[in-house]
Amino acid sequence: MSSPVLQATGLHKTYRGGDGSPIHVLSGVDLSVAPGEFLAIVGASGSGKSTLLHLLGALDAPTAGEIALGGQRYSALAGERLDALRNAKVGFVFQFHHLLRDFTALENVMMPLLIGGAEEAAARLRAAGVLAQLGLRGRLTHRPAQLSGGEQQRVAVARALVTDPALLLADEPSGNLDPSNAAHLHDVLAAVASDGARALVVVTHNRSLAERADRVLALHEGVLAFPRGDEAMAP
């Protein structure tokens, strides 16, 4: 049996409210994601799903607990070493694409490779290849404003995949799309998951996307469990 891509143990996250009282968002989350697995996390708004995703992607640190990606513990890394791991091994897709509006689709997708130190020619070739795989071969020189909402989000997916990450994290990736473009994006994500090359963790309220996952967990009262009833998919 292969080792998990992602392992989280005993994750807690606590913030301080305006009056100084603690706000417990996560209260002992345990999670293991296998290579090639597509995991969907559902739950009501405000349940802490995005917070959990940020911890898993090393965008934030837990109050307590441990996360390891490919056996590398986040707590053992700091500063540039943690940044390098995140840039090379984690891809992010958010509800809003966050593309750089003054750059072309190709340039946007090249950016993580250039930040990681790749040669420009190699980055250009790799980025063009990923965009072509996502059906955007004819959109390489288009800027975000020249692309449809669905195309912009596919560029964002290409940017997340260009470093060939071990873990792809998506936070409500189709939440800002119309049903047709959402369905197309769901096809793209399902294809990404089916190649077995990486783990995919998606936070979503979209039932059709969650139903494509290998496993669905609900975040409720700070812990993960199997969802019960329609309330797990409620906004």
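Key figures for this structure:
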{"quantity": "Residues ILE115, ILE23, ILE67, sorted so that the one with the fewest Cβ neighbours within 10 Å comes first", "calculated": "ILE23, ILE115, ILE67"}
{"quantity": "Selected from PHE226, ALA183, THR51, residue furthest toward positive end of dipole (the chain; charges at beta carbon)", "calculated": "ALA183"}
{"quantity": "Environment charge of ASP171, counting only residues whose C-beta is closer than 14 Å and scoring Lys/Arg +1, Asp/Glu -1", "calculated": "-1"}
{"quantity": "Given 15 as the ceiling on other Cβ atoms within 10 Å, longest exposed-site-free region of the chain for trypsin sites (Lys or Arg not before Pro) in DSSP loops", "calculated": "102-227"}
{"quantity": "Percent RCO, i.e. relative contact order, over the chain, from Cα pairs under 8 Å lying at least 6 residues apart", "calculated": "31 percent"}
{"quantity": "Dipole magnitude (debye, nearest 20) for the chain, charges at Cβ of Lys, Arg, Asp, Glu", "calculated": "320 debye"}
{"quantity": "Principal axis dimensions, the chain - Cα atoms, whole angstrom, descending", "calculated": "50, 46, 40"}
{"quantity": "Proxy reagent accessibility, fewest Cβ within 10 Å first, across ASP171, ASP83, ASP195", "calculated": "ASP195, ASP83, ASP171"}
{"quantity": "Neighbour net charge for LEU69 - beta-carbon separation under 10 angstrom, K R +1, D E -1", "calculated": "+3"}
{"quantity": "Gain in span if fully extended, SER32 to ARG137, counting 0.36 nm per residue against the direct Cα distance", "calculated": "34.2 nm"}
{"quantity": "The range 67-207: relative contact order in percent, alpha carbon pairs under 8 Å with at least 6 residues between", "calculated": "30 percent"}
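A short reminder: the numbers here are calculations on the coordinates, not readings from a lab. Every value quoted in this text rests on a predicted model; they were computed, and no experiment measured them. A quick note on method: Cβ atoms are made from the backbone with ideal geometry, for glycine too, and the neighbour counts reach across all protein chains shown.
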